[in-house]
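To start, the structure under review is shown below, and the notes come after it.
The values are calculated or read from the model by the stated rules, or taken from the named source; none is laboratory data. These figures come from a predicted structure and were not determined experimentally. FYI the Cβ positions are ideal-geometry reconstructions off the backbone, even for glycines, and counts take in every protein chain you see. Note: accessible area is taken over every heavy atom of the protein model, side chains too, but ligands, DNA and RNA are not part of it. Shrake-Rupley method; radii C 1.70, N 1.55, O 1.52, S 1.80 Å.
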Amino acid sequence: MTKVLARLTEPLVRENGALRPASWSEALDRAAEGFRRVKAQHSGDAVGTFSCSKASNEMNYMAGKLTRVAFGTHNVDSCNRT
């Protein structure tokens with residue numbers, strides 16, 4: 001049997017073990033809170049970012065900046081060296 005996967009058209013958040021639709025604002029707030037919680041409990045070194053060589057230089061720069069400034073770590077990697 002073939003399983004058909006549909007593309008998400010709105011953010012989903014987990015509540016009481018189930019996913020439910022949410023606004024972009026709520027979903028982004030929850031994601032940011034998750035990063036803050038991990039950083040507070042385990043330091044910024046528990047977070048990392050992976051970027052892609054097919055992204056623009058500006059996008060890779062921003063990924064590195066986010067990792068260093070917001071997450072407080074140098075754990076950033078990409079496949080740019082291949």
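Here are the criteria: (1) assigned to a strand (DSSP E or B); (2) in contact with a Lys or Arg (Cβ under 7 Å, 6 or more places away or on another chain); (3) open to solvent by 50 Å² or more (accessible area, probe 1.4 Å). Tell me which single one Leu19 does not satisfy.
Failed condition: (2).
Taking the range 24-43 as the search range and keeping residues that are over 14 Å from the mean Cα position of the chain (by Cα) and open to solvent by less than 60 Å² (accessible area, probe 1.4 Å), which one is farthest from Cys79 (Cα to Cα)?
Glu26
If you take the residues of the range 52-82 that are surrounded by 14 or more Cβ atoms within 10 Å (Cβ to Cβ), among the hydrophobic types (A, V, I, L, M, F, W, C) and touching a residue at least 24 places away in the same chain (Cβ under 8 Å), which of them is nearest to Val38 (Cα to Cα)?
Step by step, filter the range 52-82, then rank; the result is Phe71.
For Phe50, work out the one condition from (1) modelled with pLDDT of 85 or more; (2) not in a strand (DSSP E or B) it doesn't fulfil.
Here Phe50 meets the rest and fails (2).
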